[in-house]
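Note sheet for the following structure.
The values are calculated or read from the model by the stated rules, or taken from the named source; none is laboratory data. The structure displayed is predicted, hence computed values, not measured ones. Virtual Cβ from ideal backbone geometry, glycine too; neighbours counted across all protein chains shown.
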Amino acid sequence: MLSFWEKETWFRNLDLVVVGGGLVGLTTAVSYKMRFPRSRVLVLERAPIGLGASTRNAGFACYGSPSELLDDLEASSAEAVWSRVEQRWVGFQKLMKLLGPENMGYEPLGGRELFRTDALDQTDAVLNRLPELNVALKEIFGATPFEVEAALPEILGLRGFEQSIRLPFEGQIDTGRTVHSLMKLAREKGIELLHGLKVLGYEDSGVGVWVETDVGRFRTRNLALCTNGFARQLWPEASLQPARAQVLITEPISGLGLKGLFHVHKGYYYFRNVGDRILLGGGRHKFRQAESTARLVTTAQVQRHLEQFLQKHLRQGALPEVADSWAGIMGFGAQNEKAVLIEKLSPHVVCGVRLGGMGIAIGASVGEQTAALFED
């Protein structure tokens, strides 16, 4: 149970409690505080640091590779797909404006989509429709977003790829530094952040919300659920499916010439340099049922699959030593749906979840839109 002192210090006269201390939760809190400067805002995070996806992703500032977008067009209308690209582009600009590129470790190194030698039919299908994509998206970026590359530079140290398309507007960030900077900004604006406190449930009384936690119960005027892939733990009816993404990073590699972001097979494989290391993630499409989980653990089969990809495509000779591996949890809709879920659940409860693996690009916009659901 909470003590009298704890209630008086942290849990009295709250205007907004945000559940989830990642990109969306923090930007929801900041956006609300900017709208209502005299409000009292509290962010609750169950872990010492956010353990969903915000600090556990690959750090890609990306907007959709050609094969990924063509795959999306099979499941969604062209209008919906182009709209998502614009949301990504505009959303990342919002995050950059909010924090500043230097506080995110942002590097505008560009990206490439690579096509494997053993999948030439897929390559031709994408190249044939590239003009269509460029025409549709040029207005969003203000220039042609995709450029066919004559040949891959040998300095990249890649093999087994037949074709490359340049994605000049992409960049990479340091996700830890980004979230740390957001936390600092939130505190500077007078927002309280409490970590290690788990929310068990809530009840909207019509005049406010009772929040049940593992240390006691308290009341707030408004509540925002920003837990993305974990949303069903507090909102069981949510149309949301968790999806685990596994990542590894190598030890430093002497003379590494690989720079920038790289996408393979509709974005299901992705890798980049982190200084002189290689970060590689993906492969969940090979183990889709097992990876439709909220369990934050790596598995031997996926890690082995990633290591095989690394050895086959990224370096010749001995496999670089793996320094670390980890997993993050994303949130998708049915059939891998990428539509964001921003909704008012009751008079004083809203949610901003189901980011479809696009959190870096759209997180700031989702936070802003989630905060905007609250009335004066």
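Assorted remarks:
- Residue in the stretch 214-229 that is over 17 Å from T27 (Cβ atoms) and of a type in the set (A, V, I, L, M) present: yes
- Selection status of V41, touching a helix residue (DSSP H, G or I) at 6+ places or on another chain (Cβ under 8 Å), buried (at least 24 other Cβ atoms within 10 Å of the Cβ) and β-branched (V, I, T): yes
- Residue among G255, G282 that is in contact with a Gly (Cβ under 9 Å, 6 or more places away or on another chain), buried (at least 22 other Cβ atoms within 10 Å of the Cβ) and not assigned by TED's automatic domain parsing to the domain that holds H348: G282
- Taken together, L109, L42, L70 contain a single residue that is among the hydrophobic types (A, V, I, L, M, F, W, C) and more than 30 Å from K312 (Cα to Cα), which is L42.
- Strands (runs of 3 or more DSSP E) contained in the stretch 175-279 and holding at least 3 residues closer than 30 Å to K312 by Cβ: 241-250, 261-264, 269-274
- Qualifying residue in the stretch 80-92 (condition: touching a helix residue (DSSP H, G or I) at 6+ places or on another chain (Cβ under 9 Å) and part of a loop (DSSP other than H, G, I, E, B)): no
- Members of the stretch 245-277 found to be more than 14 Å from P320 (Cα to Cα), without any contact (Cβ under 8 Å) to a residue 60 or more places away in the chain and hydroxyl-bearing (S, T, Y), listed by number: Y268, Y269
- V81 more than 22 Å from G208 (Cβ to Cβ), in contact with a Cys (Cβ under 6 Å, 6 or more places away or on another chain) and crowded, with 22+ Cβ neighbours inside 10 Å: no
- Of the numbered criteria (1) under 24 Å from Q172 (Cβ atoms); (2) assigned to a strand (DSSP E or B); (3) among the charged types (D, E, K, R), the one E368 fails is (2).
- Among the numbered conditions (1) in a loop (DSSP other than H, G, I, E, B); (2) under 26 Å from A327 (Cβ atoms), the only one that P37 does not meet is (2).
- Of the numbered criteria (1) small (G, A, S); (2) outside any helix (DSSP H, G or I); (3) in contact with an Asp or Glu (Cβ under 8 Å, 6 or more places away or on another chain); (4) closer than 30 Å to Q246 by Cα, the one S67 fails is (2).
- Within the stretch 135-192, being over 25 Å from F309 (Cβ atoms), of a type in the set (A, V, I, L, M, F, W, C) and either surrounded by 14 or more Cβ atoms within 10 Å (Cβ to Cβ) or touching a Leu at 6+ places or on another chain (Cβ under 6 Å) (or both) holds for A136, L137, I140, F141, F169, V179, L182, M183, L185, A186, I191.
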